[in-house]
Structure formats: C-alpha cells, structure tokens
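Read through the structure below, which is laid out as structure tokens, and then see the notes.
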Amino acid sequence: YIVLASEETVNLSGWTIADNSGTVYTFGDVVIPAGGRATLYIGSGIPTSTRLYWNLSAPLLGNDADAVTLRDPEGKAVAVYRWGP
C-alpha cells in the first residue's frame, strides 16, 4: 500500500501515481484534509474516503529496486519515492 499525507487540504481529483513500468492509477474526487492521510491499496476492496483500491492482481513494485511518482493534474511530479540500487 501507499500512504499519502498532507499538511494542507488537497483535492487529488485528476492526480496520478505510477510506477516505472507505466502502471498508472488516477485519483477520483479524493480530498485529504489538513493533517490527514489516505491509503492506496494495490489489491481490491471497498473504497472509502480514505481507503482507495488500485484493483491490481499482481504486486506493483519490485523487491530489489523501483520507484513511484505522484503527479498533479498538469503532469508535474510532486513526489517521487525510490529504493534499491
């Protein structure tokens, strides 16, 4: 899962998150309140305002190295998380 947190209120509508292979999740009308967070689960489930589901049947990220990028609706990279060599 991926946890998104914000110190300010943020509406993620139209934002995307993607891995290096190009697998993309596009956020619907999701609002993270100031000081709040939302969790994006890779598998399936029943979404709530703070629990979102990508509905992928296979793991998204590699065990040895990978990255995910969060982009705003204009395509600007807002955050990148990388690990591995």
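For the range 44-77, enumerate the residues that are at pLDDT below 95, touching a Lys or Arg at 6+ places or on another chain (Cβ under 8 Å) and within 17 Å of Val24 (Cβ to Cβ).
Of everything in the range 44-77, those that are at pLDDT below 95, touching a Lys or Arg at 6+ places or on another chain (Cβ under 8 Å) and within 17 Å of Val24 (Cβ to Cβ) turn out to be Asp66, Ala67.
Scan the range 14-40 for residues that are open to solvent by 60 Å² or more (accessible area, probe 1.4 Å) and not hydrophobic (A, V, I, L, M, F, W, C) and jot them down.
Asn20, Ser21, Thr26, Asp29, Pro33, Gly35, Arg37
Under the condition of being without any contact (Cβ under 8 Å) to a residue 60 or more places away in the chain and open to solvent by less than 30 Å² (accessible area, probe 1.4 Å), which residue from the range 44-72 is nearest to Glu8 (Cα to Cα)?
Within the range 44-72, the match that is nearest to Glu8 (Cα to Cα) is Asp72.
Going through Thr9, Thr26 one at a time, which residue ends up being modelled with pLDDT of 95 or more and either in contact with a Ser or Thr (Cβ under 7 Å, 6 or more places away or on another chain) or on the phi > 0 side of the Ramachandran plot (or both)?
Only one candidate passes the filter, namely Thr26.
The values are calculated or read from the model by the stated rules, or taken from the named source; none is laboratory data. Note that the coordinates shown come from a computational prediction; the quantities given were computed from them, not determined experimentally. Reconstructed Cβ throughout: ideal geometry from the backbone, glycine too, with neighbour counts over all protein chains shown. SASA here: full protein model, heavy atoms, side chains in, ligands and nucleic acids out. Shrake-Rupley method; radii C 1.70, N 1.55, O 1.52, S 1.80 Å.
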